[in-house]
Amino acid sequence: ERVRAMFYHAYEHYLESAFPYDELRPLTCDGQDTWGSFSLTLIDALDTLLILGNVSEFQRVVHVLQEGVDFDIDVNASVFETNIRVVGGLLSAHLLSRKAGVEVEAGWPCSGPLLRMAEEAARKLLPAFQTPTGMPYGTVNLLHGVNPGETPVTCTAGIGTFIVEFATLSHLTGDPVFEDVARKALKALWKNRSDIGLVGNHIDVITAKWVAQDAGIGAGVDSYFEYLVKGAILLQDSQLMSMFLEYNKAIKNYTKFDDWYLWVQMYKGTVSMPVFQSLEAYWPGLQSLIGDIDNAMRTFLNYYTVWKQFGGLPEFYNIPQGYTVDKREGYPLRPELIESAMYLYRATRDPTLLELGRDAVESIERISKVDCGFATIKDLRDHRLDNRMESFFLAETIKYLYLLFDPDNFIHNDGSAFDVVLTPHGECVLGAGGYVFNTEAHPIDPAALHCCRRRREEQWELEDLMREFYSLKKTKKFTLERPSDHGEVESAKDSEDAEKAGGKTNSKKSLHSLLSCPSQSFNSKLAVLGQVFLDNT
């Protein structure tokens, strides 16, 4: 209940003082645009509303966003931030809409206004991927594409943090372009790892030359590793998991010392920075996802000692000196240590993890709470504040705290309850649990990715039928037989195997769609050149 009260103190002041700007400025009780003028805090907080049980406000905000958000604007936007916050937030809200009591349209979850908004936002990012390497630029103009003078230097995380959102988009919309560019970017990073198996911090996306050669698990790299694991889980993709496990070996060999992770030179493995960054605190949670609980807990407890020392995690912490790094003493209310606590508590039920949650609530309320919300802590040594409340405070920090203390939340469903939804593509099981959080804590229901798969299979089947019909017509034979269900499954599997192997798939995919109304299934009635075929099964 205290976490719930924290959420509403921040959320209501954002609505009152900052909306429609991206973020609240809590010390001056006004707002500012930071990442592109999307009313970002509202998008980021939307699924948190449902997790807290507020369906009426969720429904109201969905309507507000549909009416008020426009991506056709002359704004330079971060490709990475727009993806994780906007595309991820809209996809999550789309998939949770029915649970929130929103009246969904026919064809959901394969169609819907929030899905169309997510797709529109993602398409604005696609020009950034048009590089010789397939690795994207870091910034794109939403109206004009990549600016002519845009720097080609992008951080590793800014290249490898798309597969969760973009694969979800491809599976829901039937358009493979999103997943294709995300996979190409992931593979480009993998191809350019060093001989000792590490990746650096920043790379030139035109030449594939490493500009910053510090290797570690923190800022600039972090969510690349996270998305290899989460992409593998979401897509049941063993290749992505194999890539992560190879990185994991190199990380343990070269960067791990006494359950801390340092920064090293990516080609030599020599220590370059004996520093712990607050962004690295996601790592124990990621370790828990691959079942490495013992190592995860030991590293978590190291990080927790830093929290107890300062009442928060400084951006940089010098491990040998046991103190903050100059000009990196702040704590912008980041979620990563709380995120790891939530994952590890689900795995172990260790009460130490609840103590971290309690300490976080106490610290944030005591240090950063102000009349108009919660302010970034500029310096953990003297608790000076900064005039900013990042949208991730409501999207991630509050959400993970709440889920840590709410064991019965629907997000923690173990599969014992679920919904069966009838879609134009057949029955679909949703809400059974196993949610995969994107790196902005927006939960994606992995089952939803299988709800819309028949759309493309049926499209190919129809194209086959029409080709067969035309060829038979030429030979005066008019008998048509539909492929068996077994045949359809086999062809889809073969197609998926070909995709995973990186080879060309069946040429049927490259044809223009002959289905103009994808929300209507053709199973019950199909007419080709006036001849009607009925399916009475």
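Values quoted throughout were computed directly from the atomic coordinates according to the rules given, and no laboratory measurement underlies them. In this text the structure is predicted, and so the values were computed from the model without any measurement. Using ideal geometry, Cβ is built from the backbone for each residue, glycine included, and neighbour counts are taken over all protein chains shown.
With Cα atoms defining each centre, segment 330-391 and segment 258-291 are spaced 21 Å apart in the structure. If only the Cβ of Lys and Arg carry +1 and only the Cβ of Asp and Glu carry -1, the dipole of segment 278-407 around its Cα centre is close to 100 debye.
Working note: Karplus 6.51/-1.76/1.60 with θ = phi - 60° gives segment 89-95 the couplings x, 5, 5, 4, 5, 4, 6 Hz, where Gly and Pro are set to x. Our helix-only sum for the chain, with -39,500 (n - 2.57) per DSSP H run of n ≥ 4 divided by its residues, gives a mean residue ellipticity at 222 nm of -13000 deg cm²/dmol. The longest stretch of the chain left intact once loop-based GluC sites (Glu not before Pro) with at most 10 other Cβ atoms within 10 Å are removed from consideration, loops following DSSP, is 104-480.
Of the Cα atoms belonging to the chain, the radius of gyration and Dmax stand at 24.3, 88 Å. Taking Cα atoms, how many degrees apart are the long axis of helix 55-68 and the longest axis of the chain, rounded to 10 and kept between 0 and 90? Long axis of 55-68 versus the principal axis of the chain: about 70 degrees.
Using +1 on the beta carbon of Lys and Arg, -1 on that of Asp and Glu, and nothing else charged, what's the dipole of segment 76-210 about the Cα centre, debye to 20?
Values: 12 positive and 12 negative charges, 50 e Å.
Using Cβ point charges on Lys, Arg, Asp and Glu, segment 76-210 gives about 240 debye.
Placing R0 at 51 angstrom, the Cβ-Cβ distance between ARG328 and VAL55 gives a FRET efficiency of 0.80 after rounding to 0.05.
Assign unit charges at the C-beta atoms only (+1 for Lys and Arg, -1 for Asp and Glu), then state the dipole size of the chain relative to its Cα centre in Debye, rounded to the nearest 20. The partial results should precede the final answer.
Working: 52 positive and 74 negative charges, 272 e Å.
The calculated dipole for the chain is roughly 1300 debye.
When the chymotrypsin sites (Phe, Trp or Tyr not before Pro) in segment 252-355 are filtered for DSSP coil states and for at most 15 other beta-carbon atoms within 10 Å of their beta-carbon, the remaining sites are TYR267.
A crude spin-label estimate for the pair ASP175 and LYS308, with each label 7 Å from Cα along the Cβ direction, gives 5.2 nm.
Taking 26 Å as the cut-off for C-alpha to C-alpha distance, list the pairs among LYS268/LYS308; LYS191/LYS249; LYS230/LYS327 that go past it. In this structure, LYS268/LYS308; LYS230/LYS327 lie more than 26 Å apart at Cα. Amide H to amide H distances under 5 Å link VAL370 with ALA375, where only residues 5 or more positions off or on other chains count and H is placed in the peptide plane.
Between HIS450 and GLU67, the C-beta separation translates, for a Förster distance of 41 Å, into a calculated FRET efficiency of about 0.80. Restricting the calculation to Cα atoms, segment 278-407 shows an Rg/Rh of 0.96 when the hydrodynamic-style radius is the Kirkwood one.
Taking 51 Å as R0, compute the FRET efficiency from the Cβ-Cβ separation of GLN321 and ASP74 and round it to 0.05. Computed FRET efficiency for GLN321 and ASP74: 0.65.
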